[in-house]
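Peer 1: What follows is a structure written as structure tokens; I'll ask about it next.
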Amino acid sequence: MPRTHKRHDRSDIFIHWFNAACWLLLLLTGVGLIQNPAIDPFGSGYPQALRSLVGGGAALLALHEGIGVLWILGFVFYLIVNFKGARFFLAEIFSVSPARDMAWMVRKMVLMTLGPKALKGVGMDPELPDQGYYNMGQKAFAQASVVGGVVIAATGVIMLLSDRTFGADSTGLVGWAVTLHFIAVGLVFAGLLVHIYMAAISPEERPGFKSMFTGVVPDGYAKHHHRLWWEKIRNDGE
Ligand code: HEM
């Protein structure tokens, strides 16, 4: 058995960090676009300061739109370069085995909050069921970020076009686009807080974090965290 296993291609690593950088910039500029004293997430000082920094509200909107278009183009580029990888990723994250994966999700949440005694106390096995290439937590976040990402991109394009070409009869469509854009960003952002904790801060996932730079994980980590994937690569070859 090799001591490490390939987990991510160079293009997968590129698209992940490109996406993370775009998300950061889109959040920073997007929050700055909200200038309403009733709902400003960071108070009215932040949108004001950002507008002065970039040369006004119109320039800030153009910057947010520009980063959004670049974000979409980045994904188009990734799909051209590694369509096979994208197909593998989508097939993995949307294949859920209800009994095994839901049991994993419930037990993992109890283990992380109340500990193994709470599971034993209600007669449940504290061992987590084996997981595949992604565990159910990773799959849930990946599903939300793919569906949310498509909604954010589509509604963003509608809003972008509405500034330039749509007439007054599209007001309803644009109103829905604004609402769904906010809801999707909120949902993905909530998952992102957990994702960043699990992927970058939690010590037991450290080899997974390193793999987002090196592309490989140690054999022991693959065996312990992604047993079904480990068995598959052991039987089929890498
Ligand atoms: C500081 C920011 C981020 C860090 C440190 C981070 C870290 C990681 C790591 C280490 C993995 C690899 C997990 C593995 O394969 O074992 C990963 C995967 C992934 N990341 Fe991120 N990520 C960040 C931001 C984002 C953002 C902004 C998104 C999307 C909105 C995102 C979406 C994903 C998805 C869909 C996966 C694959 C499924 C998963 O492992 O959850 N990440 N991330």
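The values are calculated or read from the model by the stated rules, or taken from the named source; none is laboratory data. Note that the structure is predicted; figures quoted are calculated from it, not measured. Counting neighbours? That spans all protein chains shown, and the Cβs are built from the backbone with ideal geometry, glycine included. Note: accessible area is taken over every heavy atom of the protein model, side chains too, but ligands, DNA and RNA are not part of it. Shrake-Rupley method; radii C 1.70, N 1.55, O 1.52, S 1.80 Å.
Peer 1: Has the range 180-189 got at least one residue that is touching a Ser or Thr at 6+ places or on another chain (Cβ under 6 Å), more than 16 Å from the ligand (Cβ to nearest atom) and modelled with pLDDT under 95?
Peer 2: No, because not a single residue in the range 180-189 is touching a Ser or Thr at 6+ places or on another chain (Cβ under 6 Å), more than 16 Å from the ligand (Cβ to nearest atom) and modelled with pLDDT under 95.
Peer 1: Which of the helices (runs of 4 or more DSSP H) contained wholly in the range 45-120 include at least 3 residues that are over 20 Å from W23 (Cα atoms), within 16 Å of the ligand (Cβ to nearest atom) and open to solvent by less than 80 Å² (accessible area, probe 1.4 Å)?
Peer 2: Ranges flagged: 83-93, 98-113.
Peer 1: Working only within the range 1-57, note down all residues that are over 26 Å from T179 (Cβ atoms), of a type in the set (F, W, Y) and over 17 Å from the mean Cα position of the chain (by Cα).
Peer 2: Scanning the range 1-57 gives no hits.
Peer 1: Still on this structure, please answer the following. Can you pull out every residue in the range 28-44 that is within 16 Å of the ligand (Cβ to nearest atom) and surrounded by fewer than 15 Cβ atoms within 10 Å (Cβ to Cβ)?
Peer 2: If the condition is that a residue be within 16 Å of the ligand (Cβ to nearest atom) and surrounded by fewer than 15 Cβ atoms within 10 Å (Cβ to Cβ), then L28 is the only one that fits.
Peer 1: Continuing with this model, one more query. Does the range 193-200 contain any residue that is open to solvent by less than 40 Å² (accessible area, probe 1.4 Å), more than 10 Å from the ligand (Cβ to nearest atom), in a helix (DSSP H, G or I) and small (G, A, S)?
Peer 2: no
Peer 1: Given the condition over 25 Å from I233 (Cβ atoms) and touching a Cys at 6+ places or on another chain (Cβ under 6 Å), answer yes or no: does some residue in the range 71-92 qualify?
Peer 2: Yes, that holds for at least one residue.
Peer 1: Which residues, counting only those in the range 168-181, are more than 14 Å from A154 (Cβ to Cβ) and of a type in the set (A, V, I, L, M, F, W, C)?
Peer 2: Matches in the range 168-181: A168 only.
Peer 1: Which is more than 21 Å from C22 (Cβ to Cβ), aliphatic (A, V, I, L, M) and part of a helix (DSSP H, G or I), of V174, V188?
Peer 2: One residue alone meets the criteria, V174.
Peer 1: Specify which of the listed residues (R10, R3) is loosely packed, with under 13 Cβ neighbours inside 10 Å, within 16 Å of the ligand (Cβ to nearest atom) and among the charged types (D, E, K, R).
Peer 2: It is R10.
Peer 1: Next question. Which of the residues spanning the range 121-143 are aliphatic (A, V, I, L, M) and open to solvent by 40 Å² or more (accessible area, probe 1.4 Å)?
Peer 2: Once the filter is applied, which keeps residues that are aliphatic (A, V, I, L, M) and open to solvent by 40 Å² or more (accessible area, probe 1.4 Å), the range 121-143 yields V122, M124, L128.
Peer 1: Do you know which of the residues in the range 215-231 that are in a helix (DSSP H, G or I) and away from the ligand (no atom under 11 Å from the Cβ) is surrounded by the most Cβ atoms within 10 Å (Cβ to Cβ)?
Peer 2: Across the range 215-231, the extreme among qualifying residues is W230.
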